[in-house]
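Engineer: One structure, pasted below without further comment.
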Amino acid sequence: MQMNLSCPMPALDFDVITLGHGSGGTLMQKLLDSGVFSLLANPILDQRHDGAIIPWQGPLAFSTDSYVVSPQFFPGGNIGDLAVNGTVNDLAMCGAVPKYLSLSFILEEGLQMAEFWEIMTTIKAACVRAGIEVVTGDTKVVERGKGDKIFINTSGIGTLHPKAAVSLQNIRPGDVVLLSNAIAAHGMAIMSVRKELAFESEIRSDTRSLSGVIQKLIDRFGAQIHFLRDPTRGGVASVLNEIATDARVGIDIRQKDIPVEEAVASACEVLGLDPLYVANEGVFIAVVAEAIAQAAVDLLRAESESAQAVAIGEVTSEHTGQVVLTSTIGGRRVVNRLAGEQLPRIC
């Protein structure tokens, strides 16, 4: 869903980013005043300190990430909302409620201001949806040919949910592995644009904030939500392997229960990719106590962000450190770690 914030691009006396926009002088001030501060205004950012002074009580979660996606615009989003949602979701996976965000740009000389403004407005929309405020940031400009239009770094801070107990140490044999939505849409949306592939149905990125549904999950089930992780780079297979290794357990999953949209599955087949290894930006994995697994699935299915939620497997004391998949025809195979970079620069 696109959010209309009624933010027309301001009238500026420049159409492209130049090295002068990174000089700290008049051009930079015009860019920040018209393109950043005015759009993202809030009481903390409006102080315009070198850093943000924020009120705080209790334990917090802190996360940072950098975004270098190519192309910067893709069906379903762009690098702007991807950056916000990515950091918001990292905080949510810690069991935290996102509050504050830093936002830093590396801009390449020659970037069109119209593109920058479109990215900024989607950043604003993503922040509004997630309930997070940009309170500090930075802008640098590099020479033409020394960047890729725009790189973004975001760091986020959130308050830990009082009922949250999300930890690898809480995972036990018998726990159930839940998946919130169909997989591989984001990675294949990027690849379809990059490779100029046309399919009957447009594949759209699933980039979205997962914070709201995670808060509802923890509100109801608390410490029975043992672990959360969003399978971005490396996909579901990589995350499950990390869990199996780090928690010293085995994981059994069922291929028939893992949802993949038909268009996405077709695109993966054309490109020779396994959906289990393709990146996602609006999906999470939850490892939960067996006693609440069905109730958790029911809660997730009632929310738009997780309408395709399903149990895909279980934690076991067997084959420690390995993920084993039962295929649709009943065979079993080990789902290995990704050997190399399958989909470069998708987040």
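Engineer: Give Val324, Val287, Val310 a once-over and let me know the one that is of a type in the set (Val, Ile, Thr) and crowded, with 21+ Cβ neighbours inside 10 Å. Talk me through it step by step, then tell me what you get.
Structural biologist: Numbers: Val324 fails: crowded, with 21+ Cβ neighbours inside 10 Å; Val310 fails: crowded, with 21+ Cβ neighbours inside 10 Å.
Every option except Val287 fails the conditions.
So that you can scan it fast, the table gives a plain yes or no per residue for (1) touching a residue at least 40 places away in the same chain (Cβ under 8 Å); (2) surrounded by fewer than 16 Cβ atoms within 10 Å (Cβ to Cβ):
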{"residue": "Pro43", "(1), (2)": "no, yes"}
{"residue": "Gln47", "(1), (2)": "no, yes"}
{"residue": "Ile53", "(1), (2)": "no, yes"}
{"residue": "Pro59", "(1), (2)": "yes, yes"}
{"residue": "Ser63", "(1), (2)": "yes, no"}
{"residue": "Val69", "(1), (2)": "yes, no"}
{"residue": "Gly77", "(1), (2)": "yes, no"}
{"residue": "Gly80", "(1), (2)": "yes, no"}
{"residue": "Leu91", "(1), (2)": "yes, no"}
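Engineer: Being over 25 Å from Gly212 (Cα atoms) and buried (at least 17 other Cβ atoms within 10 Å of the Cβ): is that true of Leu111 here? So that I can check it myself, show each step before the final result.
Structural biologist: On the way: over 25 Å from Gly212 (Cα atoms): yes; buried (at least 17 other Cβ atoms within 10 Å of the Cβ): yes.
Spelling it out, Leu111 is indeed over 25 Å from Gly212 (Cα atoms) and buried (at least 17 other Cβ atoms within 10 Å of the Cβ).
Engineer: Mind listing just one residue for me: the one in region 132-165 that is among the charged types (D, E, K, R) and touching a residue at least 40 places away in the same chain (Cβ under 8 Å) and, of those, farthest from Asp46 (Cα to Cα)?
Structural biologist: As a first pass, look at region 132-165 and keep what is among the charged types (D, E, K, R): 133, 138, 140, 143-144, 146, 148-149, 163.
Then drop every residue that is not touching a residue at least 40 places away in the same chain (Cβ under 8 Å), which leaves 133, 140, 143, 148-149, 163.
Values: Glu133: 12, Lys140: 20, Glu143: 30, Asp148: 30, Lys149: 27, Lys163: 33 Å.
Only one residue tops the list, namely Lys163.
Engineer: Could you please let me know if Lys146 is surrounded by fewer than 21 Cβ atoms within 10 Å (Cβ to Cβ) and either under 21 Å from the mean Cα position of the chain (by Cα) or not in a loop (DSSP other than H, G, I, E, B) (or both)?
Structural biologist: no
Engineer: Still on this structure, please answer the following. Determine whether Leu300 is within 20 Å of the chain's Cα centre (by Cα), over 22 Å from Ala164 (Cα atoms) and outside any loop (DSSP other than H, G, I, E, B). I'd like the intermediate steps shown before the answer.
Structural biologist: Details: within 20 Å of the chain's Cα centre (by Cα): yes; over 22 Å from Ala164 (Cα atoms): no; outside any loop (DSSP other than H, G, I, E, B): yes.
No, not satisfied.
Engineer: Next question. Identify the residue in region 26-78 that is in a helix (DSSP H, G or I) and hydroxyl-bearing (Ser, Thr, Tyr) and, among all such residues, is nearest to Lys124 (Cα to Cα). Please lay out each step first, then the result.
Structural biologist: Filtering region 26-78 down to residues in a helix (DSSP H, G or I) leaves 26-40, 45-47.
Now restrict to residues that are hydroxyl-bearing (Ser, Thr, Tyr): 26, 34, 38.
On the way: Thr26: 24, Ser34: 14, Ser38: 11 Å.
Here the residue is Ser38.
Engineer: Let me ask something else about it. Of everything in region 272-281, what is surrounded by fewer than 23 Cβ atoms within 10 Å (Cβ to Cβ) and either over 18 Å from Ser238 (Cβ atoms) or among the small types (Gly, Ala, Ser) (or both)? Give them in sequence order.
Structural biologist: Residues of region 272-281 surrounded by fewer than 23 Cβ atoms within 10 Å (Cβ to Cβ): 272-274.
Selection gives Gly272 alone.
Engineer: Could you tell me which of the residues Lys163, Lys195, Lys216 is surrounded by fewer than 22 Cβ atoms within 10 Å (Cβ to Cβ) and within 19 Å of the chain's Cα centre (by Cα)? Walk me through it before giving the result.
Structural biologist: Working: Lys163 fails: within 19 Å of the chain's Cα centre (by Cα); Lys195 fails: within 19 Å of the chain's Cα centre (by Cα).
One residue alone meets the criteria, Lys216.
Engineer: Could you list all residues from region 177-196 that are within 15 Å of Val264 (Cα to Cα), among the β-branched types (Val, Ile, Thr) and not in a loop (DSSP other than H, G, I, E, B)?
Structural biologist: Within region 177-196, Ile190, Val193 qualify.
Engineer: Still on this structure: What's the number of the condition Lys256 fails, among (1) touching a helix residue (DSSP H, G or I) at 6+ places or on another chain (Cβ under 8 Å); (2) not in a loop (DSSP other than H, G, I, E, B)?
Structural biologist: All conditions are met except number (1).
Engineer: While we're looking at this one, here's another question. Quickly run through region 220-238 and pick out the residues that are part of a strand (DSSP E or B) and closer than 25 Å to Arg337 by Cβ.
Structural biologist: Result: His226, Phe227, Leu228, Arg229.
Engineer: Considering only region 336-347, I want to know if a residue exists there that is at pLDDT 95 or above, assigned to a loop (DSSP other than H, G, I, E, B) and of a type outside the set (A, V, I, L, M, F, W, C). So that I can check it myself, show each step before the final result.
Structural biologist: Of all residues in region 336-347, those at pLDDT 95 or above come to none.
For region 336-347, residues at pLDDT 95 or above, assigned to a loop (DSSP other than H, G, I, E, B) and of a type outside the set (A, V, I, L, M, F, W, C): absent.
Engineer: Additional query: Select from region 228-246 the residues that are more than 22 Å from Thr87 (Cβ to Cβ) and hydrophobic (A, V, I, L, M, F, W, C) and list them in ascending order.
Structural biologist: Within region 228-246, Ala237, Leu240, Ala244 qualify.
Engineer: Hey, another quick one. What tally of residues in region 9-45 results from selecting those that are within 27 Å of the chain's Cα centre (by Cα) and either in the same structural domain as Thr154 (by TED's automatic domain parsing) or at pLDDT 80 or above (or both)? Lay out the reasoning, then the answer.
Structural biologist: Initial filter on region 9-45 (within 27 Å of the chain's Cα centre (by Cα)): 9, 32, 35-45.
Add one more test, that the residue is either in the same structural domain as Thr154 (by TED's automatic domain parsing) or at pLDDT 80 or above (or both), and what stays is 32, 35-45.
Number satisfying all stated conditions: 12.
Engineer: Suppose we filter Val177, Val84 for residues that are surrounded by 18 or more Cβ atoms within 10 Å (Cβ to Cβ) and in the same structural domain as Asn280 (by TED's automatic domain parsing); which single one remains? Explain how you work it out, then say what you get.
Structural biologist: Values: Val84 fails: in the same structural domain as Asn280 (by TED's automatic domain parsing).
Only one candidate qualifies: Val177.
Engineer: Of everything in region 122-131 that's touching a residue at least 60 places away in the same chain (Cβ under 8 Å) and surrounded by 22 or more Cβ atoms within 10 Å (Cβ to Cβ), which residue is nearest to Ser70 (Cα to Cα)?
Structural biologist: Of all residues in region 122-131, those touching a residue at least 60 places away in the same chain (Cβ under 8 Å) come to 123-131.
Going one step further and asking which of them are surrounded by 22 or more Cβ atoms within 10 Å (Cβ to Cβ), we end up with 123, 126-127, 130.
Details: Ile123: 17, Ala126: 20, Cys127: 22, Ala130: 24 Å.
Checking each candidate, the answer is Ile123.
Engineer: For Leu103, indicate whether it is closer than 25 Å to Gly20 by Cα and among the hydrophobic types (A, V, I, L, M, F, W, C). Quick ask: steps written out before the conclusion?
Structural biologist: Values: closer than 25 Å to Gly20 by Cα: yes; among the hydrophobic types (A, V, I, L, M, F, W, C): yes.
Against the criterion (closer than 25 Å to Gly20 by Cα and among the hydrophobic types (A, V, I, L, M, F, W, C)), Leu103 qualifies.
Engineer: Kindly establish whether Val166 is modelled with pLDDT of 95 or more and outside any loop (DSSP other than H, G, I, E, B). Break it down into steps so the answer makes sense when it comes.
Structural biologist: Working: modelled with pLDDT of 95 or more: yes; outside any loop (DSSP other than H, G, I, E, B): no.
So Val166 fails the test.
The values are calculated or read from the model by the stated rules, or taken from the named source; none is laboratory data. On a predicted model such as this, the values are computed, not experimentally measured, just so you know. Here Cβ is always computed from backbone atoms with ideal geometry, including for glycine, and neighbour counts include all displayed protein chains.
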